[in-house]
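Participant: Below is one structure. I have some questions about it.
The values are calculated or read from the model by the stated rules, or taken from the named source; none is laboratory data. As the structure is a computational prediction, the values presented were derived from the model and not from experiment. So basically every Cβ, Gly included, is an ideal-geometry build from the backbone, and we count neighbours across all protein chains shown.
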Ligand code: NA7
C-alpha cells in the first residue's frame, strides 16, 4: 500500500486545483512545494512591475462559481501582489494548506513496477510513496543561469527577477539590467523613475504592444453575470481567452483597410493584437505587415533615431512571446537611461565594479538578471525521474516526448500538467491547467472505478503525437525564432518546438476524444 494515492509536485495554480479536485473525489493527496507558500510563479517572481500579460478576468479559476463571484479584480492586468493574494485566498477558502508540505523540494522519483508506486525523495531527506504522481511544476519555473564570466566577482548587489527578495532599495543607484523579455521590460519600466542611472543590456529587441492597463471595476458586473458562458467560449478558442475584436485573416483585408485594422487592435492592446489575425503565424507577408507596423510605433515613441533603431526587432512577430508594456519604449527618452546592444558590444565579463561590454566598463551598484527560464522541460529535468535503468532526462535528451503533453511512455502513473506538447505556454495557462487537472482526475477516477492501477501511453501513439506536434509547428513561422519555445535560450538544449500549436480548443477536442474512447493510446492495467 502506498503512503498516498497521489503526490502532486508544486502548489502553484495547477497544483492547488489538482489537490482540491482530487480531494473532492475522495483521493488521499499530498502536495510537495519548494516555496514557503502557495502561488508558484506569483510566489517567486516579485520583481518591481511584475504583472500578468493575460487579463485578470480570464487569468482566474473557473472551477467554482462562488469563487468567481466573490473575488474582485482591481486591474485589467493583475500585478503580482494581487495574484499572490488571490492564490492565498483560494488556499484558505478550500483549506488547501493542510495537505501541502512547504519549503521542500522533490529531488527524485523512482518507479517500482512490482509495488506499482512511485517513491518520491525530497530535500528534507525523507521519502514517500504514491500510486500516482502529478508534476504541477510549471513551464517557467527553473531560471536560466547564463554563464556570464565574472558574475561572482561583482562587488555590488546582484538580483534575479525570478527570485526577487523583499526590501531591495534601488533609489538613486546605478543599475544594470540584462535581458529584455517580459520580465526585463516590466522591471525596466517600473524602476526607471527611481534609479540614479539605468543601463539596459539587450541581446534581442522584443516586440511590445500596449497593455492599456487600468481599473476593471466597470467591466466586472457584466463579466460576473456571464462568467460560465464566457468561460465555455474561452475553452474553445485557440488561446484560451477572448478578445474584444473579431478574428480575421490580415491577408483578406483590402490593402486600404489594413492600417485601420491594425490601429483598432493596437487600441485594444495586449496579446489580442496578434491573436486576432489568424494568419500572422502562418503567412510571412501578413506577419511582416504586422511586424513593420509595430516597428513604426517604436520609432514614433523613441526620440533618438539611433536608439530607436536598436530597439527594432527583426524576427517575425509573435514567434517569441509578445511583450505587453506600459511606457517601456519611452524609458529610453530619459537622460539617465542607456541602451547597450550586446550584439554590437558583447558583454566581455562582469567585473567587481560593473559590466564590461564592447571594451567599455559600465560602472554599476546593482545588476538585475532578467534572463529567463529553462522553459517547459527544466523542472522535470531538474529531478531524477527513474524507471529501473531509464531516466526521463535521458529519454528527452533530443527533445521532449509525450502523449498529449500529459504522460511519457516508460514512466507509468506520472502525469504532467501543461507539459511539453500541450498548449500551455501558448495559451491562457489557467484555461489549460484547469483542463489538464480535470482530465487527469477523470482518468484516475475511471481507473479506480474499474479496479485498475496503472496507466501508460503506448509508444506508437506517443510517437504519432510528437510527429503531429512537429508537423503542426512546421506549418507555422514559430520555429524560425530563437525562442525559449524552441529551447534556443539554453546552450546545448535540443532545438525543437515544444508547445502544441493547434490551440486550446482543438487540443480539448482531441484529448476529450481520447478519454471518451476509453483512453485511446494508453495502456490501462
Ligand atoms: P525571456 O522572455 O526568456 O527573456 C529573457 C531575456 O534575457 C531575453 O531578452 C534574452 O535574450 C535575455 N538573455 C538570456 N540570456 C542572456 C545572456 N546570456 N546574455 C544576455 N541576454 C540574455 O524571459 P522572461 O522572464 O522575460 O519572460 C518569460 C515569460 O514570462 C514570458 O514570455 C511571459 O510568458 C511571462 P534573447 O531573446 O534570448 O536573445
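Participant: Being within 30 Å of residue 408 (Cβ to Cβ), within 16 Å of the ligand (Cβ to nearest atom) and surrounded by 23 or more Cβ atoms within 10 Å (Cβ to Cβ) narrows it down to one of 181, 138, so name that one.
Facilitator: 138
Participant: Mind checking which residues of segment 273-284 are surrounded by fewer than 19 Cβ atoms within 10 Å (Cβ to Cβ) and touching a helix residue (DSSP H, G or I) at 6+ places or on another chain (Cβ under 7 Å)?
Facilitator: Passing the criteria: 279, 283.
Participant: Considering only residues that are touching a helix residue (DSSP H, G or I) at 6+ places or on another chain (Cβ under 9 Å) and crowded, with 19+ Cβ neighbours inside 10 Å, which ones fall in segment 72-93?
Facilitator: If the condition is that a residue be touching a helix residue (DSSP H, G or I) at 6+ places or on another chain (Cβ under 9 Å) and crowded, with 19+ Cβ neighbours inside 10 Å, then 73, 78, 80, 83, 84, 86, 87, 90, 91 are the ones that fit.
Participant: Applying the selection to segment 365-383, what residues are within 15 Å of residue 199 (Cβ to Cβ) and surrounded by 23 or more Cβ atoms within 10 Å (Cβ to Cβ)?
Facilitator: Across segment 365-383, the qualifying residues are 367, 368, 369, 370.
Participant: Follow-up. What about residue 204, is it out of contact with any strand residue (DSSP E or B) (no Cβ under 9 Å at 6 or more places or on another chain), closer than 30 Å to residue 503 by Cα, within 16 Å of the ligand (Cβ to nearest atom) and not assigned by TED's automatic domain parsing to the domain that holds residue 34?
Facilitator: Considered against the rule, which asks whether it is out of contact with any strand residue (DSSP E or B) (no Cβ under 9 Å at 6 or more places or on another chain), closer than 30 Å to residue 503 by Cα, within 16 Å of the ligand (Cβ to nearest atom) and not assigned by TED's automatic domain parsing to the domain that holds residue 34, residue 204 comes out as yes.
Participant: Do we find a residue being more than 16 Å from the ligand (Cβ to nearest atom), in the same structural domain as residue 52 (by TED's automatic domain parsing), in contact with a strand residue (DSSP E or B) (Cβ under 9 Å, 6 or more places away or on another chain) and not in a loop (DSSP other than H, G, I, E, B) anywhere in segment 371-384?
Facilitator: Yes, the conditions are met somewhere in segment 371-384.
Participant: So which of 182, 123, 131 ends up being within 30 Å of residue 9 (Cα to Cα) and not assigned by TED's automatic domain parsing to the domain that holds residue 438?
Facilitator: Of 182, 123, 131, the one residue that is within 30 Å of residue 9 (Cα to Cα) and not assigned by TED's automatic domain parsing to the domain that holds residue 438 is 182.
Participant: Evaluate segment 242-265: report whether one residue or more is touching a residue at least 60 places away in the same chain (Cβ under 8 Å), surrounded by 14 or more Cβ atoms within 10 Å (Cβ to Cβ) and either assigned to a helix (DSSP H, G or I) or in contact with a strand residue (DSSP E or B) (Cβ under 6 Å, 6 or more places away or on another chain) (or both).
Facilitator: For segment 242-265, residues touching a residue at least 60 places away in the same chain (Cβ under 8 Å), surrounded by 14 or more Cβ atoms within 10 Å (Cβ to Cβ) and either assigned to a helix (DSSP H, G or I) or in contact with a strand residue (DSSP E or B) (Cβ under 6 Å, 6 or more places away or on another chain) (or both): absent.
Participant: A follow-up question, please. Which of the residues spanning segment 211-222 are more than 16 Å from the ligand (Cβ to nearest atom) and surrounded by 16 or more Cβ atoms within 10 Å (Cβ to Cβ)?
Facilitator: 216, 220, listed by residue number.
Participant: With the structure loaded, tell me whether residue 149 is within 16 Å of the ligand (Cβ to nearest atom), within 25 Å of the chain's Cα centre (by Cα) and in contact (Cβ under 8 Å) with a residue 40 or more places away in the chain or whether it fails that test.
Facilitator: no
Participant: May I ask you to list the residues in segment 1-43 that are within 16 Å of residue 163 (Cα to Cα) and outside any loop (DSSP other than H, G, I, E, B)?
Facilitator: 41, 42, 43
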